[in-house]
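The values are calculated or read from the model by the stated rules, or taken from the named source; none is laboratory data. Just so we're clear, the structure is a prediction, and the values are computed from it rather than from any experiment. No Cβ is skipped: glycine too gets one built from the backbone with ideal geometry, and neighbour counts run over all protein chains shown.
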Amino acid sequence: MSVRRLAEDQFQPAGFAFNGENEAWAYKTIQKYPAGRQQSAVIPLLMRAQEQDGWVTRAAIEKVADMLEMAYIRVLEVATFYTQFQLGPVGTRAHIQVCGTTPCMLRGSEGLMSVCKSKIHHHPFERNAEGTLSWEEVECLGACVNAPMVMIGKDTYEDLTPERLGEIIDTFEAGNGASVTPGPQIDRHFSAPEGGSTSLLSDEPKTKTRAKKADAEAVSAPAAPTEAARPKSTDAETNPALKTPVTAPKAAAKNAKAVEEQPGVAAPVEATAKPTLTDKNRPAGIEKPAAIDDLKLISGVGPKIEGTLHELGIFTFAQVAGWKKAEREWVDGYLNFKGRIERDDWIKQAKALAKGGEAEYIKVFGKKPR
């Protein structure tokens with residue numbers, strides 16, 4: 001950031017005071033902040049001072065500091081840090097900020113700066129002979145779609161050409177700036193495409209075309225298979241048989257047999273070597289007890305995995321602690337964990353939790369579970 005200093009003494013007025021309307025606004029703004037936090041109003045008050053006089057004078061900084069009970073240097077730090085504050089005199093009718101960031105530069109902002117140099121002054125921040133106009137180059141003004149653009153006061157003027165900017169400058173110079181409409185200076189609504197919308201139109205011909213296309217697709221679409229012909233899933237999340245874990249193996253076997261007996265229907269083929277629910281190595285499940293353990297205390301078990309374990313009839317730490325190697329491999333394959341049960345050592349965790357809860361877990365692992 002370039003060094004920013006207050007204007008020389010010859011430009012500084014002897015004092016500053018808000019006019020009646022702005023002073024009332026200032027005190028009302030200060031009251032918006034909680035007790036002891038009134039200094040947060042420093043930026044709004046400095047902006048109002050700038051809007052009143054055109055730039056931030058030393059006297060204005062001291063006035064704002066007094067109103068907020070701040071040291072002068074603190075308010076000076078704010079004013080010199082933010083480039084939105086003008087620290088020297090600017091044009092009394094217009095100070096033109098030309099965006100020079102990449103999108104605007106690619107769309108011709110250099111041409112806009114050339115207009116400012118020819119009509120106002122060759123150097124930024126220098127006023128014209130009458131003192132009514134000044135200009136500067138700034139960073140992104142936030143309307144890149146409408147590049148190139150300038151800002152005058154609080155208004156932006158977008159989609160500019162050098163010729164159009166020249167006309168705007170002349171209008172402000174004549175004291176008729178209020179007659180210039182802000183925003184895009186071409187046939188465009190805000191940031192919409194030039195000439196109006198070209199998509200997502202709701203005209204009747206296109207609606208009828210879409211309707212005809214939908215009807216044609218409906219006629220040509222193959223009929224959905226009947227429920228009797230649809231293969232039954234054995235996935236733990238969709239198989240109703242798993243709602244009663246103890247009877248799940250029998251129900252799953254019955255479903256598989258029903259599929260095999262249906263003529264013309266191929267039995268579903270597992271995409272991966274996922275263990276079946278009828279596998280002999282599947283851990284034994286139990287009926288849901290009145291009090292169940294929070295399996296999520298085992299590192300590696302989240303809400304979804306806990307729900308799947310419940311569907312398999314696994315509700316206690318003791319059950320997990322008692323899994324043999326073959327049973328652990330079955331669960332690992334069924335959950336598609338790829339060795340996670342061994343890596344996270346579910347068995348050791350479950351044994352500690354089953355023996356003495358969190359206290360035993362901390363004793364064994366030196367930390368709280370999850």
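When the range 27-61 is filtered for residues that are touching a helix residue (DSSP H, G or I) at 6+ places or on another chain (Cβ under 7 Å) and outside any helix (DSSP H, G or I), the ones remaining, listed by number, are 33, 56.
For the range 1-40, the candidate set comprises residues that are under 21 Å from residue 87 (Cα atoms), among the aliphatic types (A, V, I, L, M) and surrounded by 14 or more Cβ atoms within 10 Å (Cβ to Cβ); within that set, the residue that is modelled with the highest pLDDT is 26.
Among the residues of the range 321-351, those identified as acidic (Asp, Glu) and outside any loop (DSSP other than H, G, I, E, B) are 327, 329, 332, 342, 344. When residue 153 is tested against (1) surrounded by fewer than 20 Cβ atoms within 10 Å (Cβ to Cβ); (2) among the small types (Gly, Ala, Ser); (3) closer than 16 Å to residue 188 by Cβ, only condition (3) is not met. Annotation for the range 303-310: no member residue is hydrophobic (A, V, I, L, M, F, W, C), surrounded by 15 or more Cβ atoms within 10 Å (Cβ to Cβ), part of a helix (DSSP H, G or I) and modelled with pLDDT under 55.
Residues in the range 62-85 that are outside any helix (DSSP H, G or I) and either among the polar types (S, T, N, Q) or without any contact (Cβ under 8 Å) to a residue 12 or more places away in the chain (or both): how many?
3
Would you confirm whether or not the range 86-105 contains a residue that is within 29 Å of residue 188 (Cβ to Cβ), among the hydroxyl-bearing types (Ser, Thr, Tyr) and either in a helix (DSSP H, G or I) or in the same structural domain as residue 47 (by TED's automatic domain parsing) (or both)?
Yes: the range 86-105 contains one or more residues that are within 29 Å of residue 188 (Cβ to Cβ), among the hydroxyl-bearing types (Ser, Thr, Tyr) and either in a helix (DSSP H, G or I) or in the same structural domain as residue 47 (by TED's automatic domain parsing) (or both).
Considering 127, 164, the condition of being among the basic types (Lys, Arg) and part of a loop (DSSP other than H, G, I, E, B) is satisfied by 127 alone. The single residue among 61, 73 that is surrounded by 11 or more Cβ atoms within 10 Å (Cβ to Cβ), of a type outside the set (S, T, N, Q) and at pLDDT 95 or above turns out to be 61. Within the range 344-351, identify whether any single residue is at pLDDT below 90, more than 20 Å from residue 279 (Cβ to Cβ) and of a type in the set (D, E, K, R), and answer yes or no. Scanning the range 344-351 turns up at least one residue that is at pLDDT below 90, more than 20 Å from residue 279 (Cβ to Cβ) and of a type in the set (D, E, K, R).
Taking the condition within 30 Å of residue 38 (Cβ to Cβ), crowded, with 18+ Cβ neighbours inside 10 Å and small (Gly, Ala, Ser), does residue 142 pass? For residue 142, the condition - within 30 Å of residue 38 (Cβ to Cβ), crowded, with 18+ Cβ neighbours inside 10 Å and small (Gly, Ala, Ser) - is not met. In this structure, does residue 255 turn out to be over 22 Å from residue 353 (Cβ atoms), in the same structural domain as residue 367 (by TED's automatic domain parsing), modelled with pLDDT of 55 or more and touching an Asp or Glu at 6+ places or on another chain (Cβ under 7 Å)? Spelling it out, it is not the case that residue 255 is over 22 Å from residue 353 (Cβ atoms), in the same structural domain as residue 367 (by TED's automatic domain parsing), modelled with pLDDT of 55 or more and touching an Asp or Glu at 6+ places or on another chain (Cβ under 7 Å).
Taking residue 54 as the residue in question, decide whether it is modelled with pLDDT under 95, in contact with a Ser or Thr (Cβ under 8 Å, 6 or more places away or on another chain) and closer than 30 Å to residue 168 by Cβ. So residue 54 fits the description; yes.
Here residue 140 clears all of (1) under 38 Å from the mean Cα position of the chain (by Cα); (2) outside any loop (DSSP other than H, G, I, E, B); (3) not basic (Lys, Arg) except the condition numbered (2). From the list 321, 354, 350, the one residue that fits, being in contact (Cβ under 8 Å) with a residue 12 or more places away in the chain and in contact with a Lys or Arg (Cβ under 7 Å, 6 or more places away or on another chain), is 321.
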